[in-house]
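These notes are about the structure you will find just below.
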Amino acid sequence: MVTKKTTTKKAVVTKKPRVSKAKVPAKSATPGALSASVYDMKGKVARSIELPEVLFGAAKNDSLVRQVVLAMEANARTPVAHTKTRGEVRGGGKKPWKQKGTGRARHGSSRSPIWKGGGITFGPRNEKDYSQKINKKMRTGALAAVLSERFGKTRVLFVESVFSVPKTKEAKALLGALGGVKGFEELATRRNNAALIITGAPDSNLKKSFSNMGNVKVDEARNLNPVDIMNYRFLVITNPEAALETLTKRMK
């Protein structure tokens, strides 16, 4: 009996040509024109304003923000803890006892680190420098990323120029009125770190009005930084045209 050999044809697999994956630029969080409402002291919409995309349309960059925030906190650190070495502690000039014949261990000074009241080995020293360098592009990039993230989460509020005279009563009324805006209810009730108020130019009336309120900080747009923005729940920008002009110049 003759057995026939069956031959199986191997399937030919055609390899697809490799396509080089080009790096796609990161899309902005909110493409297109950006705009926001500007509110008056009563919490009502007064008008709208166009926002620069370089500030409020930047892509998310958590690693850059973390690096800049840690560097800024290190630069603000003031070393206070300071210990003395055995050469700086007072006393200990005389040898406690003679070298031999007493039966006790050899010691040359009572201010040795192993003695009570002696110097400290490898303790903290106040001459240590913790500062770190932050490039301008890193600083501005982190600021834009944090502003865009807060704007996307509806935590940025634009308000008209507010006070002609310094009054804490009007400051409390303003927070209560802005607390009526949808998404900003905590402005009127939050006790700690409620709002960071940014002005386009120095405003002594506004600063004095909120000086007695510990849950609000008032600063100028030229001093705005990622650390302050992240420490407060909401960001309130007064006189928005001047403030945005100052912030846009910082990005260049």
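The values are calculated or read from the model by the stated rules, or taken from the named source; none is laboratory data. From a predicted model like this one, the values you see are computed outputs, not experimental measurements. Using ideal geometry, Cβ is built from the backbone for each residue, glycine included, and neighbour counts are taken over all protein chains shown. Ligands, DNA and RNA are excluded from the accessible area calculation, which covers all protein heavy atoms including side chains. Shrake-Rupley method; radii C 1.70, N 1.55, O 1.52, S 1.80 Å.
Within the stretch 57-99, restricting attention to residues that are polar (S, T, N, Q) and part of a loop (DSSP other than H, G, I, E, B), the residue that is least open to solvent (accessible area, probe 1.4 Å) is Thr83. The strands (runs of 3 or more DSSP E) found wholly in the stretch 166-252 and carrying at least 2 residues that are in contact (Cβ under 8 Å) with a residue 60 or more places away in the chain occupy 234-238. Applying the criterion of being in a loop (DSSP other than H, G, I, E, B) and among the aliphatic types (A, V, I, L, M) to the residues of the stretch 100-149, the residue that is surrounded by the fewest Cβ atoms within 10 Å (Cβ to Cβ) is Ala105.
Just give me the residues in the stretch 200-214 being more than 17 Å from Lys169 (Cα to Cα) and either open to solvent by 70 Å² or more (accessible area, probe 1.4 Å) or modelled with pLDDT of 95 or more (or both), in sequence order. If the condition is that a residue be more than 17 Å from Lys169 (Cα to Cα) and either open to solvent by 70 Å² or more (accessible area, probe 1.4 Å) or modelled with pLDDT of 95 or more (or both), then Pro202 is the only one that fits.
Sub-9 Å Cβ pairs linking a first residue in the stretch 72-83 that is of a type in the set (Gly, Ala, Ser) to a second residue that is part of a loop (DSSP other than H, G, I, E, B), at least 6 apart or interchain, are Ala74/Tyr130; Ala74/Ser131; Ala74/Gln132; Ala81/Gly123; Ala81/Pro124; Ala81/Arg125; Ala81/Asn126, ordered by first then second residue. Only one of the numbered conditions (1) acidic (Asp, Glu); (2) more than 30 Å from Lys169 (Cβ to Cβ); (3) touching a residue at least 60 places away in the same chain (Cβ under 8 Å) is violated by Asp40, and that is (2).
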